[in-house]
1. Just the number please: accessible area per residue for the chain, 1.4 Å probe, all protein chains included, in Å².
2. For region 166-241 and region 89-157, write down the distance between their C-alpha centroids in whole Å.
3. Could you sort out which of Lys178/Lys234; Lys167/Lys234; Lys69/Lys128; Lys122/Lys178; Lys122/Lys167 sit more than 25 Å apart by Cα distance in this structure?
4. Provide the percentage of antiparallel DSSP beta bridges, counting only those with both residues in region 16-240; round to the nearest 5.
5. So what are the ³J(HN,Hα) numbers for region 136-152, from phi and the Karplus equation (6.51, -1.76, 1.60; θ = phi - 60°), rounded to whole Hz, Gly and Pro as x?
6. Summarise the accessible area of the chain (1.4 Å probe, protein heavy atoms) by the percent that is carbon and sulfur.
7. Along the charge dipole of the chain, which of Thr165, Ile231, Ala115 sits closest to the positive end, that is, farthest toward it, with unit charges on the beta carbon of Lys, Arg, Asp and Glu (+1, +1, -1, -1)?
8. Cα extents of region 1-118 along the three principal axes, largest first, in whole Å?
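The values are calculated or read from the model by the stated rules, or taken from the named source; none is laboratory data. The shown structure was predicted, so the numbers you read here are calculated from the model rather than taken from an experiment. In this analysis, Cβ positions are derived from the backbone assuming ideal geometry, glycine residues included, and neighbour counts consider all displayed protein chains. Heads up: the accessible areas ignore ligands, DNA and RNA and are worked out on the full protein's heavy atoms, side chains in. Shrake-Rupley method; radii C 1.70, N 1.55, O 1.52, S 1.80 Å.
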Amino acid sequence: MGKGFAAEGHSSYPFELCPSILSADFNRLGEQLSIASQERIRILHIDVMDGDFVPSISFGMPVIRSIRKESDLFFDVHLMIRDPGRYIQEFVSCGADSITIHVEACEDAEAVLKAIREAGVKAGISIKPHTPVSAISDLLALADLVLVMTVEPGFGGQKYIPECTDKIREVRRLLDEKGLTANVQVDGGINYETAQTVIEAGANYLVAGSTVFNGDMRENIQTMKARINEIVQKLERLKNY
Ligand code: DX5
Ligand code: ZN
């Protein structure tokens, strides 16, 4: 990925706010995606749920295919589905730019990550709140993105689970130790307060559903981006002291 909106002065990673359309108003999805683009959002987070790996069912290929025709945002597809290897080619064909799978959902996550890269898109690996980081430590070199879930996957609007903060820190530390530059994404309960916690712990891609879509979306994006900028700049000042 190129430079994020809050990357100025921050040498290491781009920072991105990734709106999750799970909380969008599907009656006006196209209009909301245009607002996101106007507000210089670059990455759209797309949650696909199968009612098996997670209790809920969201949407799938037809929705992605139809918004792909209208939007030039980067489509970050988060697959909360069992045995995701079955569908990689389909999601690429309908317009995914990155595909994130859950280690808990795969027999052979290594093979699926390789297949995602071979299909020409970015590969992400994710862990649920109660899965230890050790479950993915051998997969980090195959991932462009590591998603640390900060709520139980399945629903928007839940509260951030504080025990996940240490896992974000551990993922970033492991990546640094191995000389890897994958993006560290967090998803669930991200708002103006928890943004500080996750950025300080090492996250650089922040998914937000309710914080972006509840109320005035334009205003929410502006406020959240300003907040992320403020946090990053403060960290920079402290680092450079
Ligand atoms: C949860 C999804 C999230 C969800 C986040 O399973 O993966 O992307 O939309 O919603 P908020 O930001 O409302 O917690
Ligand atoms: Zn998600």
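1. Values: 10790 Å² over 241 residues.
Result: 45 Å² per residue.
2. 19
3. Pairs exceeding the cut-off: Lys178/Lys234; Lys69/Lys128.
4. Working: 1 of 33 bridges.
Rounded to the nearest five, the antiparallel share is 5 percent.
5. Rounded to whole hertz, the list is 10, 4, 7, 9, 4, 5, 9, 10, 8, 8, 10, 9, 9, 5, 10, 9, 5.
6. Values: 5130 of 10790 Å².
Its accessible area is 48 percent carbon and sulfur atoms.
7. Ile231
8. Projected onto its principal axes, the Cα set of region 1-118 covers 41, 39, 25 Å.
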